[in-house]
Every structure is written in C-alpha cells, then in structure tokens.
Amino acid sequence: MKKVVRTVTDILLIVIAAFLSAVALYTFVNPANFAPSGVDGISMMVQKLTEINMGYVSLAINVPLLIIAWFFISRRYVIYTSLFTVVSSVAMIVMEKINMYEYVTDNHVWIAVFASGIMLGVRTAIMIRIGGSTGGVDIIACIVQKKKPYMNIETLISIFCYVTIGISFFVYRNIESVIMSVIQTLIFNLAMNSVLKTTRNAVEVRIITSDPEQFKDDILLNLKHGATLMDCKGMFTGEEKSMIVTIININQMDELIKLSRKYPNSFVYFSEVNGVWGNFRWRKHDAVK
C-alpha cells in the first residue's frame, strides 16, 4: 500500500513539475526573447528560428535519448523522465493552441527572468527529489556517469549550458538576451539548491559519550539511521569514552538535539556533508535496511 501511495505521489509531483516547466517557458521565457540553458534553450532557439512549437522540438531531442537511456540506467529514472517530458511538451503545445496568456512587457522584462528561473529551479528540484530528471543533458550525464563514474560530469554540464547561452546571441542578436540567460541560470541554481537543501542534504553527527547504549534506541529506532561506534580517550581528562558517528537528514537535526538533552554528560557536534551514496534513508517512510 505504501508503495502505491508513493508511486501516485511521485506521478502527481511529476505532473506539477511538468506544468511549472511549461508555464515558465511559454508564459515568461518565450515572450521575453531569451533562451534558457541546456536543451530548453536549444528548443527555444529552434522555435524562434522555425516557428515550430518547442514542445515538438523537446520531444524530438529527448525521445531518442530516453530510448538509449533505457538500456543503460535505471528504468524508474527513464519512466519518470519520460512522463515529465511528455506532459511538459504536450502542455506547451496545448498552450499555443488555446492561445494561453503570455507575460509581454517592455518595462518589466526582468520579472520574466526571475519568475522563470525560480519555476524552472523548483521543477528540476522536484524531479531530482523523486529520482527522475527534466531530460536533455541530464540524461546524457547519467549515461556517461554510469560508464565513467569518476568523471566530473557537473563541469561538462555547466560548459554545455553556457555554450548554449553563448549560441543564443546569434539567434536573438542581442547581448541583453545573453545576460538575461546567465542571470536566469544563476536564479535557477539558487532556487533548485534551496529546495534540495532540506530534502537531499545530510549531516554528519559525532557524539562523544561515556555510555553509547543510551543513544542506541534513539538513533536506530527514533531517527531510523545506522551508526558507527569507536573508542576514544579524552586528551585533558584521560577518560575512556566512546564516539558515535552517524549520518542523518538535515531536517532531523532538531529532533536529535532534543533527544541529546536527555544525556547531559554527552558532547555532540555536527557538520553538513556534500553528498551521500549507499544505503541511506532519505524519506520518513523508507524501509530501514
């Protein structure tokens, strides 16, 4: 039952992300005459040059990539990304057909930059959170990362995105369009990271205590995370102690601090970690292994 609820929830989130994407691109980016970074930007430029709706262009680019990805990476990732691509592309096609509202302005064009940057950042964060992507260069990155796990994919993605922005100058013939694209990309990254910060970031916690058994139930049963136990010795007192090392979600820190108040003779310190790989419980209802 939980699996069904989770799947339905993920599908609803994909639909929301897809509509956020379509509204951002159709309502704000298109009338403002600039191109976002990545495949969205390529689709927008092709639409500008050919008047073919970018929904069709997005499908033409992403479908072959998704077919290739099916044989190399997670099926769940491909299915979620495919659903996003189809819904967002169809939404943009329908918006054009019904002549949906577009934010057209000469005096407040930067509103379009900020609004679209925030919306696209949020939609990307939603897709990352549920284990999918918004397609395009992210699919290529996943395939390359699968084959070459130690390659710095983030740098390659950034280069591709800014090359796309540079090419947009020759389409829009306006340096202001390039500046708008760069600023939108910065806003996009800020919005995406702010959403992911509370859901994907983790915290390394170290607890110095004389009786680690006190913390055992709180960490394993209440926080539902594993831990590593090490012997240590106080440099000043020479007293033998234990150190508990555990990784928890950042939004569990308040709960851990409240639990630690039961043990006044313990010392707790923590720091954010940049990434976690392996058996880690990201969601409240994930199975504990």
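The values are calculated or read from the model by the stated rules, or taken from the named source; none is laboratory data. All figures in this text were calculated on a predicted structure; none of them were measured in a lab. Please note: Cβ atoms are built from the backbone with ideal geometry, for glycine as well, and neighbour counts cover all protein chains shown. For accessibility, only protein heavy atoms count, side chains too; no ligands or nucleic acids. Shrake-Rupley method; radii C 1.70, N 1.55, O 1.52, S 1.80 Å.
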Legend entry - Exposed-site-free run, longest, the chain (rule: chymotrypsin sites (Phe, Trp or Tyr not before Pro); DSSP loop; at most 14 other C-beta within 10 Å): 151-235
Inset, instruction - Determine the percent antiparallel among the DSSP beta bridges restricted to the chain, to the nearest 5. - result: 100 percent
Inset, instruction - Return a whole-number percent for the relative contact order of the chain, with Cα pairs under 8 Å and 6 or more residues apart as the contact set. - result: 20 percent
Legend entry - Derived scalar couplings ³J(HN,Hα) [region 166-171; Karplus, 6.51 cos²θ - 1.76 cosθ + 1.60; whole Hz; x for Gly, Pro]: x, 5, 4, 4, 6, 8
Legend entry - Å² per residue, accessible surface of the chain at 1.4 Å: 57 Å²
Legend entry - Which listed pairs, of K2/K262; K224/K258; K2/K224, have C-alpha distances above 27 Å, in listed order: K2/K262
Inset, instruction - Starting from the Cα of I111, step 7 Å toward the Cβ, then list every residue of region 167-186 with an amide N under 13 Å from that point. - result: none
Legend entry - R261 versus D217: modelled label distance in nm, points set 7 Å from Cα along the beta carbon direction: 1.9 nm
Inset, instruction - Report the local net charge at C161: Lys and Arg +1, Asp and Glu -1, summed over other residues whose C-beta lies under 13 Å from its C-beta. - result: -3
Legend entry - Approximate spin-label separation L186-Y101, in nm, with each point projected 7 Å along Cα-to-Cβ: 3.0 nm
Inset, instruction - With N set to the residue count of region 106-249, report its C-alpha Rg divided by 2.2 N^0.38 Å to two decimal places. - result: 1.59
Inset, instruction - Can you send over the carbon and sulfur percentage of the accessible area for region 27-76, probe radius 1.4 Å, protein chains only? - result: 67 percent
